[in-house]
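Heads up, the thing below is written out as structure tokens.
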Amino acid sequence: MTRHLLSAADLSLDDATLILDTADELARVSDRPVKKLPTLRGRTVVNLFFEDSTRTRISFEAAAKRLSADVINFSAKGSSVSKGESLKDTALTLEAMGADAVVIRHPASGAPHTLAHSGWIGGSIVNAGDGTHEHPTQALLDAFTMRRHLSTISGRKVVIVGDVLHSRVARSNVLLLATLGAEVTLVAPPTLLPVGVGQWPCEHSYDLDASLVGADVVMMLRVQRERMNAAFFPSVREYSRRYGLDADRMSRLADHAIVMHPGPMNRGLEITAAVADSDRAVIIEQVTNGVSVRMAVLYLLLGGSDSALGGDQ
Amino acid sequence: MTNTTSPADVLIKGASLLGAEVSDLLIVDGVIAAIGADAARATGSDCQTVDAYGLVALPGLVDLHTHLREPGREDAETVASGSAAAAVGGFTAVHAMANTDPVADTAGVVEQVWHLGRRAGLCDVHPVGAVTLGLGGTELAELGAMAESAARVRVFSDDGKCVSDAVLMRRALEYVKALDGVVAQHAQEPRLTEGAQMNEGAVSAVLGLRGWPAVAEESIIARDVLLAGHVGSRLHVCHVSTAGSVEILRWAKGRGVDVTAEVTPHHLFLTDEHVRTYDPRFKVNPPLRTQEDVDAVRRGLADGTIDAIATDHAPHSIEDKDCEWAAAAMGMVGLETALGVAAAAMVDTGLLDWAGMADRMSVRPARIGRLDGQGRPLNVGEPANLVLVDTGTRYSVDPQSMQSRSRNTPYAGVELTARPVATYLRGRLTASEGSARR
Amino acid sequence: MVRSESSHEAREVLDADDVQRALTRIAHEVLERNKGAQSVVLLGIPSRGVPLAQRLATRIGEVEGRAVPVGSLDITMFRDDLRMRPARGLGRTELPDGGIDDAVVVLVDDVLYSGRTIRAALDALSELGRPQSVQLAVLVDRGHRQFPIRADYVGKNLPTSTRETVQVLVSELDGSDAVLIGGTEGDDSADPSGEQGGSV
């Protein structure tokens, strides 16, 4: 059993399918007049955020509350708490308060891993984004969204475009989509692909137009403007021209193809407003689906005497 | 201070000298007085006898690269506690790195460290002098004053930081020629390693940790061997960690450049796969590399391209390691496990015999550091600096039993076979069975 | 979920024809009691309650000459023993288009045992709407109630020991219809709280 969700790599095909199927059922709860289940009554879920991320926090908060868990939001952002000492002390505090699960967002890659294996805390740890490492629930909600639109993921061609080097979303998506049988191509300027990407379970390319041929899903990643100053690319204009998704590129996609973005978007940089607001864009749906998927994860980790994930099915 | 009274005579019986011939060895007045059949005959009445059958006798180990943290971070280590760790690890001499607070960049600081070492009396503590003022990388420290001080500094290093300015490095290399000194370079191109957290490669790509590319080490070594060749100076390269570095050193030595190099036990033994745990005990600088690199530095050490094993013993307080990876300090303690780990990497694999280990862990480091009376052969008339090593019993590394003030070892629970059981500094027992004898 | 390993010593107490007859009788009882099927909604409890509810709906529809609304009600999230076992996947909750407000909801399950499933079902139902009344139809009532709950329609009353297992097979899921009673099966069957579907 896996008590924690730290990496998309922790999920077997059975685990991932169970989460997505459970999310499917839970999504129906959101359509009901009473959007609440008693399942996690008496359980405490702490949202421990060392980084600002209102959208992820409220998504987890809504998910936990719909399952009747008690939710404590702990915003630990600030210069003095970026020291490790604080992560430990914070963890010990949460343990003393009886947290059954800690949903952690942290700027340091591996911080959720450290929390899960430190012995500081006994509850389940859910990685809500760690540094440039992973964001597994984002990958799950992306897969959920793809499945709803394309019915199956296996064999689908998914193109992920942008700052892969610094993207936890890309890492989790590559791992999860490989497990689910999709064919993933990462597209970025060479400066924004990590050394070692050749060993990932996906293809990579520097040519967006060539990669879009036959794509079922195009996922655009956020590109931060400050990367320009670190010489990852010469200018915003050149980046947009080579790697941005505009109406012209979108028009060459197959009719059923969808456009995704984990948000927040830099309109005009990696995606134009025309694309972001088009019918193909499922970006708002991704947000909605985030709640169902996170409900499923919390339920499967906390709902029973033991986690439903990581068994030897 | 110490050693005011002569130690008692010691007869070591049945030790295997450098892992070869089994012989008795008599120590009188801190000097090897007799070897072989003569030893027992020459024994006086108040002689202490040590049963060393089954143990390997090596010359006392010499570490070119030790962080003793004093002055400044006495919470992590002191000269006294580090000396105890060294003695337990089989060392009779260590080089104390300059990155203390204040930095060892003046005669005053190096003499202070030297005196602290003398007072501890468990091994010879040779301060390393900083190359640049405050390790700032811009102005040369007073290298001559440190060389002429009571500490007689011969090794100069900004370790922890690279002397990255090519002109400054050239000047330092030239200047120490007058002092019979050597510049020990921490080879790390700073711009290529900004914010670096681990070896750049397949593992860093997966873990999302900023990469420390091999080229950042290799490019500096390449530049420095060319500089050393150009100005005819002696260069020492600290903690070589990559296959490319070994190749460059091999090439430079082939061209006659006066360059020496060291490798740490952890770079001989551990790979970046360990970082997958995000356990900060594996965070070290230079970072743990790939298996290919480990194989290459082992071969380089075996064929002499790399001259020495040096511990880079880097004690850190619990707070600096009990945290998430990015916040953790770099470094691991190593004095007490160096011989066991190095033997696992080199002897157990058949790459070196015990004579070879003595050469890499004692003879050559002493020569590089220009130490008198250390790294000498086990011959009559030589100072009795030696270590007896149990090579036949498996044991598991226990951090709690360590003499160092810090516990940041990556080897907790690792099984090793070679273990120093007794260390003699000029005939005096400084450590036995894991405890220092103060 | 069917514990087939226990069937080597299992004894068949209802065969396929018995099951058919029982369902037909229940269908008529539902009609009689509610004076027709105007406001009846059948909700099966996964997994084996669902096909049973569908069959009842078909039979009632045949008698009445019009379709009866049928759906499913998953009670997993409402169980009071959730914390006693690892979390598990969810069944489907699917309400007919008209919903359940002011309807006569007939819950359909395969086995009635401790009553905990039905208690959970009543909780689940209250989140979905406000029926006029709720009735309960089960294929087998094996006794050992732990809650003040009784069935309105029973296919077969089956006195059992708590150490026995009762297994309902339905052709939609198991390939054939039958009710089996198995020998003592160890600790889990001794705990009547663990009633659900064919694995009890």
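Every helix of 4 or more DSSP H residues in the protein assembly as shown counts as -39500 (n - 2.57), and over all residues that averages to -9000 deg cm²/dmol at 222 nm. In this calculation the C-beta distance from A:ARG242 to B:ARG171 is compared with R0 = 30 Å, giving a FRET efficiency of 0.10.
Per-residue Cβ neighbour counts within 10 Å put B:TRP325, A:TRP120 in the sequence A:TRP120, B:TRP325, beginning with the fewest. Model label sites at C:ASP17 and A:VAL34, defined 7 Å from Cα along the beta-carbon direction, differ in position by 4.6 nm.
Mean separation of Cα pairs under 8 Å and 6 or more residues apart, divided by the residue count, gives the range B:1-78 a relative contact order of 30 percent.
The Rg/Rh ratio for chain A, using Cα coordinates for both the radius of gyration and the Kirkwood hydrodynamic radius, is 0.96. Note on B:ILE368, B:ILE318, B:ILE27: ascending count of other Cβ atoms within 10 Å places them as B:ILE318, B:ILE368, B:ILE27, the fewest first. Projected onto its three principal axes, the C-alpha set of chain C covers 45, 38, 28 Å, listed from the longest axis down. Structural descriptor for the range A:136-286: relative contact order 24 percent, calculated from alpha carbon pairs under 8 angstrom and at least 6 residues apart. For B:GLY254, neighbours were defined as the other residues whose beta-carbon sits under 13 Å from its Cβ, and their charges (Lys and Arg +1, Asp and Glu -1) total 0. Pairs from the table (B:LYS161/B:LYS321; B:LYS161/B:LYS253; A:LYS88/B:LYS161; A:LYS65/A:LYS88) lying more than 23 angstrom apart at Cα are B:LYS161/B:LYS253; A:LYS88/B:LYS161; A:LYS65/A:LYS88.
The charge dipole of chain A, taken about its Cα centre with unit charges on the Cβ atoms of Lys, Arg (+1), Asp and Glu (-1) only, comes to about 680 debye.
Ranked by how many other Cβ atoms sit within 10 Å of their own Cβ, fewest first, the residues C:ASP141, A:ASP207 fall in the order A:ASP207, C:ASP141. Rounded to the nearest 0.05, the FRET efficiency derived from the C-beta distance between A:TYR206 and B:ALA8 at R0 = 60 Å is 0.20. Enclosing the Cα atoms of chain B in their convex hull gives a volume equal to 123 cubic angstrom per residue.
Here the gap between C:GLU62 and C:ARG25, fully extended at 0.36 nm per residue and compared with their Cα-Cα distance, gives a gain of 12.0 nm. With 10 Å bins beginning at zero, the pair-distance distribution over Cα atoms of the range B:1-148 amounts to 12, 31, 26, 18, 12, 2, 0 %. The distance between label points at B:ASP353 and A:VAL287 comes to 7.5 nm (points 7 Å beyond Cα on the Cα→Cβ vector). Stokes-Einstein diffusion coefficient for the protein assembly as shown at 4 °C in a medium of 1.567 mPa s, Rh from the Kirkwood formula over Cα pairs: what value in µm²/s? Result for D is 40 µm²/s. Inter-part distance, the range C:34-110 to the range A:142-164, computed on C-alpha centroids, equals 35 Å.
As a rough guide to protection, the peptides A:122-133, C:88-99 ranked by mean Cβ packing within 10 Å, highest first, stand as A:122-133, C:88-99. Here r is the Cβ-Cβ distance between A:SER235 and C:ASP80 and R0 is 60 Å; the resulting FRET efficiency, rounded to 0.05, is 0.45. One chain, two ends: A:MET97 and A:VAL213. Fully extended at 0.36 nm per residue, the span grows by 36.5 nm beyond their Cα-Cα distance.
Computed over chain B, relative contact order equals 20 percent, with contacts defined as Cα pairs under 8 Å that lie 6+ residues apart. The modelled label-to-label distance between B:HIS230 and B:GLU148, using points 7 Å beyond Cα along the C-beta direction, is 3.0 nm.
Only the coordinates and a few stated rules stand behind these numbers; no lab work does. Just so it is clear, the model here is predicted, and its values are computed rather than measured. Methodologically, a virtual Cβ is constructed for each residue, glycine included, from the backbone with ideal geometry; neighbour enumeration extends over all protein chains shown.
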